[in-house]
Each structure stands twice: as C-alpha cells, then as structure tokens.
Amino acid sequence: MIEFLEKTKLLSLHTKNTSYIMQVFKGQHLLHLYWGKRIAMTVRDVYLPLDERVNMVHSDPSDKSYHIEDLPFEYAFWGKGDFRSPSLSVTNGSGVIIPGFVYESHTISEGKPEIPGLPSTFAKEKDEAETLEIKLSNPGTDLKVILSYTVFPEFDVITRNVRIENLCESTVRLEKFMSVTIDFPPGGYELLTLPGAWGRERWIERQPVPHGVVSIGSSRGISSHQFNPFIALLSSGTSEVNGEVFGFNLVYSGNFVAETEKNQDDRIRLNMGINPGTFSWELKPGESFETPEAVLVYSDNGLNGMSGIYHNFYRKRLSRSAFAAKERPVLVNNWEATYFSFNEESLLEIANRSKDLGIELFVLDDGWFGGRDSDHSSLGDWVVNRGKLPGGIEGISRKIRKMGMKFGLWFEPEMISPDSDLFRSHPDWALQIENSPPAEGRNQLVLDLTRSEVVTEIISMFKLILGTKAVDYVKWDMNRPLTDVYSSALPSDRQGELYHRYMLGLYKIMDEITSAFPDILFEGCAAGGGRFDPGILHYMPQYWTSDNTDAVSRLKIQYGTSLIYPPIFMGSHVSAVPNHQVGRSTEIEMRGNSAMMGNFGYELDFAKLNKKELETVKNQVSFYKTHRKLIQFGRFYRLVSPFEGETASWMTVCQDNSEFILFYYRILAEANMPRSSVKLAGIDKQSFYRETESGDVYSGSELMFRGYFLPRFTADFQSVIIHFSSMESLD
Ligand code: GLA
C-alpha cells in the first residue's frame, strides 16, 4: 500500500485503483508528483526541468537551479518565495510568520490512529489500512509538522490530516492550518461545489477554475446550509459516468474553507481545512494541535464513480453507531402535523393511525418540555410539560411501545432561550458580548460549549432522560448559527479559539452520549440539513436532509446530497399538501416516490387523508419495508439530473446485482410529449431481469445501452418506481 524508494526518495501510496505519489526533492522539499489512476512511477531524479525563469526568487541562494514558486507542494509555506495561498501560517512572539518546513523523516504503520477529540473514519481491521506519517521540521525552531496519510486500498480511499507539535521554549500562534493541500498540474479543470440555503441544501454548481483564488466555506459556526464541506476538481466535460473526479470531504462540522488557486502557470493549488478567517490558536511549549481529517476520493468513472466510493466507505467506516449496518425503521414525526399544539391524546391518535399503516417508529418533535408552546421559550428547560403529557415521557413512550412501535424524542441541546429557567440562573452560559445585546436567531441564543460546566450539564440532562430507557431514537437539532462569539471563560487573547473549542465541546457531548446509549438511534438535524457533514455522521448514522419536504424540491436536494452521502443517511419524509415550505400540491404517490429514495418516513396528520390516499400510504410503507435493504444498502446511481430539465432519475442496485429499483420523476408536463427512455447503470450486462409488476423481461445490456422506456407522462409531478429481479435462466 505505501512504499518508499530510498534511491529516488519517492513515497507512493496505492489503493486498488489509484496512486498518490510524493517525492523528497533536494533532500528537503516534499513535492506532490501525482494523484490519479494507479501507475508505477519510474522517475529517477527530479520533478522539473530546472530552468532559470525571470522574475522569480531563489529560496536557497546556494542553489539557483530551481524556484520555489515552480514547485508542486504537499504542504505549502509562506515566506520564501511561494506566493500561493499557504497550508500553514504560524507566528512567533515577535509576530513573524515562521517560514519553510522541510522533510525530516517518515514512518509507516498498520491501521489508522484516532484523532483526539475529533471525529474521523476508522479501520475495522488493522490490516485493511496503512498510515504514513511524514515529519517536517523548521530549521529555525523546534516546531514539527506531521502530515498523516491513511490508505484504504480496498475502499479506494486516502485520508489526510496534519498535526503540529511545539517543542520550542516559547508559545506560537496558529493562524491557518489546513487539513490538506494538493498542487495539481496544469489542466482544464472544473470546480464542483454544493452551495445552498435553508430549504435548498446542496445544489450542484460547476464552473471552470479561474485564475486567482476561489474560496467556499462557512463562518457560521456550523458547516452550514450554504456550502457543504466538500469540493471536487473534475476534468473538463466530466459526466456522471465518464471523466476524472478528485473529491475532498472534510470530517468537520464547524467553520471550514475550501479554496482553489490557479497561478500564472495554470497550476491549481487546492487547500481545505478549518476556516482561518475565524480561527487562531495559541500553542504553548509542549502542546500539539491536530486538524480535522479530509477524505480524498479519485475516480475516472465520472461523478457516479466518486459517489459510489464515498457511499461504500461512509456506510462502513464513518459512523461508529451500532445502527450503521442495520436497517432503519419507517417513522412518523408529529412536527408538520401538530407543530407546538398537541397533547398526549392527539399524539396517540397519530400514533394509532401510523401503526395501522405499518409505521414502526413514532417521533415526538419540539414542544414537549418546559413551557414551550412556541419557539419563543424554554430551550434549556428539558423537563417534560405535564400539562401536555401527564404521564411524562415514560408514560407516552409506554403507550406507544404497547402499540408495537418504537418511541423517539426531539432535543436541541446546544441552545438556550432567553425566556428559560436555565438562562435566568446562568445568563453567562450563552454566547454573548458584554454590553452588546446578542443577536437572536429563532428567538434563541447558543450555549457556550467551550465551558466545561455547560458540557457537563448537557451530558447529565441527556443521561437523566435517556437513562429511563423510554426513548429508542433521538432527533438532535440545532437551529441557528453562532453569533456574538465571545466567551467570558476564555482570556482575551484566546477568543479566536472559540469556534473550534465549541466543536470540541460538541463532539465530546456527542461521543459520550452516543457511546453511553448504543441502543438508541440518533438522527442529526440543523434547521433541516444545515450541518449534514461527516463530522456529525460519525456519531449519528442518519440526518434530516432538509426542512423542505416538497416532493419536487427534494429531487434536487437529494440528488445533490447523494454526490457524497448514501441514501441511508438521508432522512426523507412525505408531508402534507399544499406543502408548508413552497405551497406546491403533489399527489401522495409523487411524495412517496420522492421520499422513498432515502430513509423513509411521514410528517403529516393521517386523519386528513382520504381512504384512497391511506391505502396508497399503506402500500408505500409495505413496498419500502420489502425493499428497504436494497434501498438502504444498495449501490446508488444517478441517471438524470433535475438540475438540467424537467425529469430526474436514479436507481439502486443490490450488492450482488440480483435486483434493482429504478426511480423516475417527471416534474412539469408539456403537451403531446413522447415517451422517454433512460439508460440504466451498474447492473450485470450478461444477466436478464424481470420487471416485477409487468413480468416483462429485459437483458442487462439492453437496459444499459438501449435504455428502459417509461410510460407516457401526461400531467405535472408524475413518477414511477419499478422493481426488477435477475432471472436464473430465460425460461
Ligand atoms: C427544525 C427542524 C424541524 C423541526 C423544528 C422544531 O426546524 O429542522 O424538523 O424539528 O426545528 O422546532
């Protein structure tokens, strides 16, 4: 997996289909030579023709044979003539940016170490991964930078992160510390990102990489609705099935940055890590600091190729939860059915109807605690409201379980309402700046998770409620970004550490609670999909994809999300019409077919459906339960993009190719439309497949290369879900 050739100083990382190659150049600079399709590299000496170039500096006056600005770095430093955006900026007591780190040594070991305090992917068996640590040192100080690479050959994945150790006698300050840097060779690359907003999360955007810097990221204290911590470079013209894709996903849920910089020679530097604009960190003598991990995926099979690798890896090696490998229940959530107005009776009525429809889990959303009858109060007062639930959480849970369903509960543990007993007794627990009224979001403030007493309080609250064993599922919400970022518990010169310390506090709580309650299924949420990232998914194996539950809007949201995250991670529910977010009315069939791509559920009042609709719901639940293993654990392929027209399609194929489901959606209809066809992907070309409902038989090659012909759609918002099984023989 990892090789070092002493003679040429080549360090090569190989996965099943890819290679990643570095070289120690001139005994000091660690260069990036290659990342892509698997190759054997024979280079004997140097990376470049060493020409004298005009108007460039020589960082090493004794060797004028090269210019530092010409070199492709594995990790880049400011100050000696590389003017591109650096990987690290660390200053000493005089304010000097410490320049130039050079190769010192490296080690190769089996397995993958954890990153203290941070979520990360993991190796299940020691021999399925190998880790390379490259130590860089600084000639003028005792600072060490350790670049860490883990290779997962069978998964075709490489992960990277970086540690800095201060072995000096004085304190230094980190101002920028990237998880990954790669200098790509010149080429016509496109940049793919997933921008969005509340209700419009993870839309796909592509653009040619321009000269200069393009930077995406978040400074909201959460990874955000606005950008996912993901960026990809694509060879020009890459499609779902063809072309080279270089994907980068950060296992982090706070402020991040991902930037490309195309220089004068058309080389592109890509940096990704904690957002330096909202970060600084004091590193005392003897201390070290580690960056979050970046997960790197290369595919030359287009975007579907990249997604397949992320999906497979994340399903198996990201979430620590015991539920990661288990089928997930079909749930009903009362939020859009009742909002804050409910009592035990009305909840039990929803639950009763749900049980008759085959639903397996009832989730009680916001409004069960304190005096919370609107979003104006009570966050922090996690004591059941006996007016609404006379028997408490245990009482309602007992009744729901008696019906044969599991019971789930909503929390928003990181928040505090100014109108709450918690705020009245601990006003200093909220993030706020003295003498400056805090900005409220949804009438609430954010708890200061940099304070250990706040972390302890949240952990005890969870232990008290979940310790009753009345809860089978937790929805963990987070409904506003961080503002007024000041903590009276931190000294004035360490306020720049707050955003990252908040994440460390949050991860500590998540780690402790999810480990203490391994039998509880946790689902993440942040005003919909505002923190849908691998950091949270490490602790919680599913996430509420978006507050926008409209069947048509969800096509784009789920399509974009599927670029990185597998369908089993995506909470996806059928809700009422007219839709509460966009006002659109679609039939129950379309809503079910759209939601059925992911982790399925309902979020409406069944009492408002007619008999025919209820029959349809029953069939949907039964279809989903019959095929959920295939939907939740199959290989997923995008076929037609809703970003490009009025249709969308995808499919999921079971791991042994023996069955698959095709999903196809028509958004707006046109008059007199012909039948359309769609070419399938990922099935066995040699096999024959029978369409379950019609009994029609097709060859795999015919479905992939000629296509499947759909029924004619004659109205808006129509869809089909078609199940096929492979046949033993043609007779
Ligand atoms: C957020 C969530 C919703 C719901 C509400 C409750 O907006 O995304 O699903 O739980 O909070 O207040």
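Checking each residue in the stretch 559-594 for being under 13 Å from the mean Cα position of the chain (by Cα) and under 20 Å from P329 (Cβ atoms) picks out Y565, P566, P567, I568, F569, M570.
None of P86, P99, P61 is at pLDDT below 90, under 20 Å from I182 (Cα atoms) and not aromatic (F, W, Y) except P99. Within the stretch 677-706, the residues that satisfy the criterion of being assigned to a loop (DSSP other than H, G, I, E, B) and over 21 Å from M597 (Cα atoms) are D684, K685, Q686, S687, S694, G695, D696. Screening F423, F462 for residues that are out of contact with any Pro (no Cβ under 6 Å at 6 or more places or on another chain), closer than 29 Å to G571 by Cβ and of a type in the set (F, W, Y) leaves exactly one candidate, F462.
Rundown of residues vs (1) crowded, with 18+ Cβ neighbours inside 10 Å; (2) touching an Asp or Glu at 6+ places or on another chain (Cβ under 9 Å), yes/no style:
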residue	(1), (2)
P208	no, yes
G212	no, yes
G217	yes, yes
P229	yes, yes
F248	yes, no
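Only one of R401, R328, R372 is away from the ligand (no atom under 15 Å from the Cβ), surrounded by fewer than 22 Cβ atoms within 10 Å (Cβ to Cβ) and of a type outside the set (S, T, Y). Can you tell me which? Exactly one residue qualifies, and that residue is R401. Using the structure shown, decide if F643 is part of a loop (DSSP other than H, G, I, E, B), among the hydrophobic types (A, V, I, L, M, F, W, C) and on the phi < 0 side of the Ramachandran plot. Answer is yes for this residue.
Scanning the stretch 152-173 for residues that are among the hydroxyl-bearing types (S, T, Y) and surrounded by fewer than 21 Cβ atoms within 10 Å (Cβ to Cβ) gives S170, T171.
Residues checked against (1) within 17 Å of T15 (Cα to Cα); (2) crowded, with 24+ Cβ neighbours inside 10 Å; (3) more than 14 Å from the chain's Cα centre (by Cα):
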site: E287; (1), (2), (3): no, no, yes
site: D300; (1), (2), (3): yes, no, yes
site: Y310; (1), (2), (3): yes, yes, no
site: R315; (1), (2), (3): no, no, no
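Once the stretch 490-522 is narrowed to residues that are without any contact (Cβ under 8 Å) to a residue 60 or more places away in the chain and in a loop (DSSP other than H, G, I, E, B), the residue that is farthest from the chain's Cα centre (by Cα) is P491. The single condition from (1) out of contact with any His (no Cβ under 9 Å at 6 or more places or on another chain); (2) outside the structural domain of A470 (by TED's automatic domain parsing); (3) touching a residue at least 40 places away in the same chain (Cβ under 8 Å); (4) within 16 Å of the ligand (Cβ to nearest atom) that Y543 fails is (3). Considering only residues that are part of a loop (DSSP other than H, G, I, E, B) and within 16 Å of the ligand (Cβ to nearest atom), which ones fall in the stretch 427-479? Listed by number, the residues that qualify are E440, R442, N443, V471, D477, M478, N479. Return yes or no: is R591 out of contact with any strand residue (DSSP E or B) (no Cβ under 8 Å at 6 or more places or on another chain), in contact (Cβ under 8 Å) with a residue 24 or more places away in the chain and of a type outside the set (G, A, S)? No, not satisfied. Counting only residues that are part of a strand (DSSP E or B) and touching a Leu at 6+ places or on another chain (Cβ under 9 Å), which one in the stretch 33-58 is modelled with the highest pLDDT? This residue is W35. Answer yes or no as to whether L174 is at pLDDT 95 or above, touching a Pro at 6+ places or on another chain (Cβ under 8 Å), of a type in the set (A, V, I, L, M) and over 15 Å from F230 (Cβ atoms). Judged against the criteria, L174 is not a match. Taking the criterion of being in a loop (DSSP other than H, G, I, E, B) and more than 24 Å from P541 (Cα to Cα), the residues of the stretch 284-308 that qualify are K284, P285, G286, E287, D300. The numbered conditions (1) within 29 Å of S215 (Cβ to Cβ); (2) among the polar types (S, T, N, Q); (3) in contact with a strand residue (DSSP E or B) (Cβ under 8 Å, 6 or more places away or on another chain) are all true for S105 except (1).
For the stretch 677-712, enumerate the residues that are under 20 Å from F623 (Cβ atoms) and in contact with a Lys or Arg (Cβ under 9 Å, 6 or more places away or on another chain). Those that are under 20 Å from F623 (Cβ atoms) and in contact with a Lys or Arg (Cβ under 9 Å, 6 or more places away or on another chain): D696, Y708, L710, P711.
The residue of the stretch 409-426 that is nearest to the ligand (Cβ to nearest atom), among those that are within 30 Å of F362 (Cβ to Cβ) and assigned to a loop (DSSP other than H, G, I, E, B), is E412. So which of G524, G505, G496, G535 ends up being of a type outside the set (A, V, I, L, M) and within 16 Å of the ligand (Cβ to nearest atom)? After ruling out the rest, the residue left standing is G524. Which count do you get for residues in the stretch 635-669 that are without any contact (Cβ under 8 Å) to a residue 40 or more places away in the chain and of a type outside the set (D, E)? The qualifying residues number 8.
Checked against (1) assigned to a loop (DSSP other than H, G, I, E, B); (2) at pLDDT 95 or above; (3) among the acidic types (D, E), D265 passes all but a single condition, namely (2). Inspect the stretch 379-393 for any residue being within 16 Å of the ligand (Cβ to nearest atom), among the small types (G, A, S) and within 27 Å of S253 (Cβ to Cβ) and give the result as yes or no. Checked against the condition, which is being within 16 Å of the ligand (Cβ to nearest atom), among the small types (G, A, S) and within 27 Å of S253 (Cβ to Cβ), the stretch 379-393 yields at least one hit.
The values are calculated or read from the model by the stated rules, or taken from the named source; none is laboratory data. This structure is a prediction, so every number in the text was calculated from the model and none was measured. Here Cβ is always computed from backbone atoms with ideal geometry, including for glycine, and neighbour counts include all displayed protein chains.
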